[in-house]
Amino acid sequence: GEAAPFRADGDYGLLSMAADAEPLNPAKVIPAIRADIANGNAARAVRRAAAVRDANRGVADAQLLLGDAALADGQYELAVRSYRAARDLDAGERTTLRLANALFRAGDEAGSGAAVLALRDSQPSSIAADRLAGHLAMDIEQWDKAIAHFERVRRRIGNRDVVVLRNLARAYAAKGDDARATATIALAYRLQPLNGDIMLFYADMLEKRGRAQAAEDLRDKAEQIGR
């Protein structure tokens, strides 16, 4: 008969053994690091990544590997140091956005914002930089900044991204601009008419605009879909 498939823990054991046998071989170590993190052993992932980084300090990918593992383990200061080292070697989008995220998680909102702005200055066309800057601004309730970043993204890609439209609508609503919030969440609703969160937010905005029956109908639809 057919052989039984490997169990998850069996696969994990094989990946770990392969990485232990060749601790500096990225082809063996990276899958093991992913498995460590998936199985709740982020500290082991950090140790594996640190060994690779120590052997390849001048390689941005090695620094990123350690940063990613450290971030998964909640070691934000180590993640920041690793991402800074990676950015010093390769000041591109992939390194800078990771650094900005780690700085934000470490509580350095100013440093995070500065990293994103530096990327935008060096790469004005970076949609990813504006996306992240918009999310960070939303987190600290800087609605004007969030709107500016997400509107730049929208000008570049059009009304095709539900997350961008939803965040724009929420930022406009937080500023008290219900008309723009309603118009924007309506665009998101057209893209994802079965998204419960969007339906409920749209219903709230419709109610604020005096369209109580439309709001009630939308809430009923959301409830039916959620069953």
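The values are calculated or read from the model by the stated rules, or taken from the named source; none is laboratory data. In this text, all values refer to a predicted model and were calculated from it rather than measured experimentally. Reconstructed Cβ throughout: ideal geometry from the backbone, glycine too, with neighbour counts over all protein chains shown.
Out of the residues in region 31-63 that are among the charged types (D, E, K, R) and in a helix (DSSP H, G or I), state the one that is surrounded by the fewest Cβ atoms within 10 Å (Cβ to Cβ).
Of region 31-63, the ones among the charged types (D, E, K, R) are 34, 36, 44, 47-48, 53-54, 57, 61.
From what is left, the residues that are in a helix (DSSP H, G or I) are 34, 36, 44, 47-48, 53-54, 61.
Details: Arg34: 15, Asp36: 26, Arg44: 19, Arg47: 16, Arg48: 24, Arg53: 22, Asp54: 11, Asp61: 16.
Among those that are among the charged types (D, E, K, R) and in a helix (DSSP H, G or I), it is Asp54.
What pairs come out if I take residues in region 12-28 that are without any contact (Cβ under 8 Å) to a residue 24 or more places away in the chain and pair them with residues that are surrounded by fewer than 18 Cβ atoms within 10 Å (Cβ to Cβ) whose C-beta lies under 8 Å away, six or more apart or interchain?
Leu14/Phe6; Leu15/Pro31; Ala18/Pro31; Lys28/Ala18; Lys28/Ala21; Lys28/Glu22
Considering each residue of region 64-94, count those that are in a helix (DSSP H, G or I) and either at positive phi or aromatic (Phe, Trp, Tyr) (or both), and give that number. Steps first, please.
Within region 64-94, the first condition is being in a helix (DSSP H, G or I), and the residues that meet it are 64-72, 76-89, 93-94.
Cutting the leftovers down to either at positive phi or aromatic (Phe, Trp, Tyr) (or both) gives us 76, 83.
The total comes to 2.
Exactly one of these conditions fails for Ala27: (1) part of a helix (DSSP H, G or I); (2) surrounded by fewer than 15 Cβ atoms within 10 Å (Cβ to Cβ); (3) under 20 Å from the mean Cα position of the chain (by Cα). Give me its number.
The one condition Ala27 does not meet is (3).
When you check Ala110 against the structure, is it out of contact with any Pro (no Cβ under 6 Å at 6 or more places or on another chain) and not acidic (Asp, Glu), yes or no? Before the answer, list the steps.
Details: out of contact with any Pro (no Cβ under 6 Å at 6 or more places or on another chain): yes; not acidic (Asp, Glu): yes.
Yes.
Please indicate, with yes or no, whether at least one residue in region 128-143 is crowded, with 16+ Cβ neighbours inside 10 Å, part of a helix (DSSP H, G or I), assigned by TED's automatic domain parsing to the domain that holds Pro193 and more than 14 Å from the chain's Cα centre (by Cα).
Checking region 128-143: at least one residue is crowded, with 16+ Cβ neighbours inside 10 Å, part of a helix (DSSP H, G or I), assigned by TED's automatic domain parsing to the domain that holds Pro193 and more than 14 Å from the chain's Cα centre (by Cα).
In this structure, does Arg84 turn out to be touching a Leu at 6+ places or on another chain (Cβ under 8 Å), surrounded by fewer than 22 Cβ atoms within 10 Å (Cβ to Cβ), within 27 Å of Ala118 (Cα to Cα) and modelled with pLDDT under 95? Step through it out loud before you land on a result.
Values: touching a Leu at 6+ places or on another chain (Cβ under 8 Å): yes; surrounded by fewer than 22 Cβ atoms within 10 Å (Cβ to Cβ): yes; within 27 Å of Ala118 (Cα to Cα): yes; modelled with pLDDT under 95: no.
It is false that Arg84 is touching a Leu at 6+ places or on another chain (Cβ under 8 Å), surrounded by fewer than 22 Cβ atoms within 10 Å (Cβ to Cβ), within 27 Å of Ala118 (Cα to Cα) and modelled with pLDDT under 95.
I'd like the residue in region 147-179 that is in contact with a Leu (Cβ under 8 Å, 6 or more places away or on another chain) and in a helix (DSSP H, G or I) and, out of all such residues, is surrounded by the most Cβ atoms within 10 Å (Cβ to Cβ).
Phe150
Hey, can you tell me all the residues within region 87-106 that are among the aliphatic types (A, V, I, L, M), under 14 Å from the mean Cα position of the chain (by Cα) and either assigned by TED's automatic domain parsing to the domain that holds Leu66 or surrounded by fewer than 24 Cβ atoms within 10 Å (Cβ to Cβ) (or both)? If you could, list the steps in order and put the result at the bottom.
Let us first name the residues in region 87-106 that are among the aliphatic types (A, V, I, L, M), namely 89, 91, 97, 99-100, 102-103, 106.
Restricting the remaining residues to those that are under 14 Å from the mean Cα position of the chain (by Cα) gives 97, 99-100, 102-103.
Passing the criteria: only Leu97.
Determine whether Leu194 is hydrophobic (A, V, I, L, M, F, W, C) and not in a helix (DSSP H, G or I). Write out each step before concluding.
Numbers: hydrophobic (A, V, I, L, M, F, W, C): yes; not in a helix (DSSP H, G or I): yes.
Yes: the conditions hold for Leu194.
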